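In what follows, a single structure is set out as structure tokens and then discussed.
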Amino acid sequence: METTTIGASGIEVSRIALGTWAIGGWMWGGTDEAQAIATIRRAVDSGVTLIDTAPVYGFGRSEEIVGKALAGPLRSRVRIATKGGLAWRGGQVFRDSRATRIRAEVEDSLRRLGTDHIDLYQVHWPDSQTPLEETATALEMLRTQGKLGAIGVSNFSPAQMSVFRAAAELDAVQPPYNLFEREMEDGVLPYASRTGLSVLCYGALCRGLLSGRMDIHTTFRGDDLRKIDPKFNGARFRHYLAAVDELSRLARERFDKSVLALAVRWVLDQGPTIALWGARSPEQLDAIGDVAGWHIDTATLRDIDAILRRCIGEPIAPSFMAPPERAIAQPHER
Ligand code: NAP
């Protein structure tokens, strides 16, 4: 397992991290706790030392499951990354990074995770109604108190990060990034490389599209977000599946690997990146070993881009996932 250090924090982690949004159930058609715990433990057994979660993933459920899975001696083998700055009311999620909210959320996360410190704490989405300095100052204070190891942000632009880091030491950023969602290459990735941030890439498998197990007949159940994800609907779904087919062939012929291994390797070969791999059953992590020990050469990178250009006329960003801003007059809600 390849490892890296999160920013300048000195905290060492595996470059493949387990993502636990699906494990929280919300927007993924439900969860199975026993299976989720087994998945987290399989990740650790496979060499993963970074687990990413968030309060909003199942409204506390994902964090509680991570806490249960890591209870006891396992906790010391793993670094936990969680987030704050999203609130919810009646199932409606909105942004709230006010200092009071963040301080309360850190305490709630510590309790759910059953730990006395969070190794990496990230602001989930920028909240345009709260000064970035207010959130950053609150987090820096919590870091000096020893409750947080490192501070990160997610879905922030370089300009927002520059303002944020005037008030807090920033070590990481978490944008969407995978073969099909490349928007961060124009700003966040070069900024992070230049300024020493680790980049935790979310959706490394493009929500399962790059797993290679989907076809045009694949359907999703319950509240699964892929029902409303434009990539999984209509003609676009066919275009993305055609790209997956071609990428599968390329991965097999040139590297004797699966498209899933190619997708994760590709993320890791792009810079100071960590690939967040969302999984909800232990078997989904069987391919972890296939990602290590090889790289994608420059000619193949060019061929991959040609496949994407050929198959996907109009690439579409994952912006459908962005939660709304808090209404100005809304009182502090939890
Ligand atoms: P992802 O990692 O691209 O895809 C996860 C899904 O891929 C799984 O739920 C599973 O789908 C499928 N999958 C995984 N391994 C598989 C395998 N071996 N075979 C077949 N299917 C497989 O998407 P993600 O979970 O959205 O992103 C990863 C993590 O990033 C999240 O869990 C979360 O920690 C983080 N994230 C952060 C943000 C943010 O705003 N900061 C946003 C999104 C995600 P099935 O359900 O079909 O089994």
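A few notes on this one:
- Residues of the stretch 67-85 satisfying the condition of being closer than 22 Å to L139 by Cα and of a type outside the set (K, R): G67, V78, I80, A81, T82, G84, G85
- In the stretch 224-267, of all residues being open to solvent by 30 Å² or more (accessible area, probe 1.4 Å) and touching a Phe, Trp or Tyr at 6+ places or on another chain (Cβ under 9 Å), the one that is farthest from the ligand (Cβ to nearest atom) corresponds to F255.
- Under the condition of being within 16 Å of the ligand (Cβ to nearest atom) and in contact (Cβ under 8 Å) with a residue 40 or more places away in the chain, the residues counted in the stretch 142-163 number 4.
- When residues of the stretch 18-54 are limited to those that are out of contact with any helix residue (DSSP H, G or I) (no Cβ under 8 Å at 6 or more places or on another chain) and within 8 Å of the ligand (Cβ to nearest atom), the one farthest from A204 (Cα to Cα): G29
- Number of positions in the stretch 20-53 that are surrounded by fewer than 24 Cβ atoms within 10 Å (Cβ to Cβ), under 29 Å from L189 (Cβ atoms) and among the small types (G, A, S): 2
- Residue list for the stretch 268-296, filter: of a type outside the set (G, A, S), more than 16 Å from the ligand (Cβ to nearest atom) and open to solvent by 70 Å² or more (accessible area, probe 1.4 Å): H295
Yes/no per residue for (1) within 14 Å of the chain's Cα centre (by Cα); (2) of a type in the set (V, I, T):
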{"position": "I16", "(1), (2)": "yes, yes"}
{"position": "Q35", "(1), (2)": "no, no"}
{"position": "V44", "(1), (2)": "no, yes"}
{"position": "V48", "(1), (2)": "no, yes"}
{"position": "F59", "(1), (2)": "no, no"}
{"position": "R75", "(1), (2)": "no, no"}
{"position": "T82", "(1), (2)": "yes, yes"}
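- Taking the listed residues A69, A87, A81, the one that is open to solvent by less than 10 Å² (accessible area, probe 1.4 Å) and touching a Leu at 6+ places or on another chain (Cβ under 9 Å) is A81, with no other qualifying.
- A single member of S128, S162 is out of contact with any helix residue (DSSP H, G or I) (no Cβ under 7 Å at 6 or more places or on another chain), assigned to a loop (DSSP other than H, G, I, E, B) and farther than 18 Å from I80 by Cα, and it is S128.
- Taking every residue in the stretch 243-261 that is within 16 Å of V291 (Cβ to Cβ) and pairing it with any residue that is aliphatic (A, V, I, L, M) and not in a helix (DSSP H, G or I), at least 6 positions away or on another chain, the pairs with Cβ-Cβ distances below 7 Å are L260/L205.
The values are calculated or read from the model by the stated rules, or taken from the named source; none is laboratory data. Owing to the predicted nature of the structure, the values given are computational and were not obtained by experimental measurement. Here the Cβ is made from the backbone with ideal geometry for all residues, glycine too, and neighbour counts use every protein chain on show. The accessibility values were calculated without ligands, DNA or RNA, using every heavy atom of the protein model including side chains. Shrake-Rupley method; radii C 1.70, N 1.55, O 1.52, S 1.80 Å.
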